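Have a look at the structure below, then the notes.
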């Protein structure tokens, strides 16, 4: 992951893309690998201006750009072809939009998993916890245009009726604590049967390997999922869901606020858990409960109980469990950064299929940025969590044109300069920080639009001269 590896990947990509745009910072996104992935998906294509790998590159540049419009993406592609001495493409966005619709959603999802896994494998040993990879799970939502198709596919919150409000998509991600990369994700409707975060989480079993440690909030702390993942050799650290009584006078005492306890299998199958999975769960589970006391001014939580399958108090002390669970907040910070810095909070596509592709492209762009951050951190002996993703994105966008057009003899110098430029952009050291959940700048005093736009126009037309 050092500069030498980074430079070699750039040179390999340059040799592979003599007549098409390059895909910097991700060797796994070469033309050959994308062709292989397309064949695995059973997708046939023909060579044209917007081949799948070219469409993928343009789509990525659109996601990384501050201007997310198709016109801006096509203009950037036109400029690239002109600089390379290729025949200019049309400025009309129709061909590009059609190519985006042809791009298989499963292909982008596969590439997200591949990039995330490669970053996880290349993480330095000191980035792990007790030599073990730690993974985070959390959910979020994103808004989208209020087209009839989007509303029918994803639904609106229960407090929004009629033409008011916007459809929401629910997203659950498994992230790497060491690198911040998205390893797996599942997207679904906001409302409807089997659309909750737990149902989406149960679709992501292939993200976990024996020896992993999974961090999650109290939503994921249930008997069925703990038994299912423990059987696969995955250790869990979840906040207690408060559905069971916590009594530290019972069980085997390991220390103050630390004991082993036996959980019995519930009599009724939890909603959303498959009958065969519930039947396969053992009758009893031996778990460890650790009480965390929070004495930091401004924090809402004073006492928190953590449930874990890390039973050995000598290998994993209660202080280790406390420090580890505190890092669960990194999942919330990563998802907030993904929605804020990369502008995934409000999606722009008009159809459900394109909405899902747009989500996957944001996750792929996120992993590519984390790849650059990991290269920088490994080269300069830093922790990747110290680097600013927004600063990396800004530097990458600033250097992007030069990286794809510079001569090979100057490429190494340019790559080194890029990494050096990322290093000063650090995340501030703000331990125990808290902020009020309030807005300082009030929104403009306009009434909400509660009717379709064409009805509002007709109303304005009828009442404009009164």
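The values are calculated or read from the model by the stated rules, or taken from the named source; none is laboratory data. As the structure is a computational prediction, the values presented were derived from the model and not from experiment. Methodologically, a virtual Cβ is constructed for each residue, glycine included, from the backbone with ideal geometry; neighbour enumeration extends over all protein chains shown.
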Filtering the range 313-341 for residues that are touching a strand residue (DSSP E or B) at 6+ places or on another chain (Cβ under 9 Å) and assigned to a loop (DSSP other than H, G, I, E, B) leaves a count of 5
From the options 290, 307, 355, residue that is free of Cβ contacts under 8 Å to residues at least 60 places away in the same chain and either at positive phi or buried (at least 20 other Cβ atoms within 10 Å of the Cβ) (or both): 290
If we keep just the residues of the range 421-465 that are in contact (Cβ under 8 Å) with a residue 60 or more places away in the chain and at negative phi, which is surrounded by the fewest Cβ atoms within 10 Å (Cβ to Cβ)? 448
Considering only residues of the range 403-441 that are part of a loop (DSSP other than H, G, I, E, B) and more than 30 Å from the chain's Cα centre (by Cα), which is farthest from residue 374 (Cα to Cα)? 407
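If you go through the range 443-454 one residue at a time, do you hit one that is in a helix (DSSP H, G or I) and not assigned by TED's automatic domain parsing to the domain that holds residue 76?
Scanning the range 443-454, I find at least one residue that is in a helix (DSSP H, G or I) and not assigned by TED's automatic domain parsing to the domain that holds residue 76, so the answer is yes.
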Quick count over the range 128-187, residues being in a strand (DSSP E or B) and over 20 Å from residue 352 (Cβ atoms), is 13
Only one of 251, 233 is within 25 Å of the chain's Cα centre (by Cα) and free of Cβ contacts under 8 Å to residues at least 40 places away in the same chain; which? 233
Filter pass, residue 175 being surrounded by 21 or more Cβ atoms within 10 Å (Cβ to Cβ) and either in contact with a strand residue (DSSP E or B) (Cβ under 8 Å, 6 or more places away or on another chain) or closer than 30 Å to residue 348 by Cα (or both): yes
Qualifying positions in the range 310-329 - without any contact (Cβ under 8 Å) to a residue 12 or more places away in the chain and within 26 Å of the chain's Cα centre (by Cα): 323, 326, 329
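This table checks each residue for (1) in a loop (DSSP other than H, G, I, E, B); (2) at pLDDT below 90; (3) surrounded by fewer than 17 Cβ atoms within 10 Å (Cβ to Cβ); (4) out of contact with any helix residue (DSSP H, G or I) (no Cβ under 8 Å at 6 or more places or on another chain).
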site	(1), (2), (3), (4)
233	yes, no, yes, yes
238	no, no, no, no
243	yes, yes, yes, yes
250	yes, no, yes, yes
254	no, no, no, no
269	yes, yes, yes, no
279	no, yes, yes, yes
297	yes, yes, yes, yes
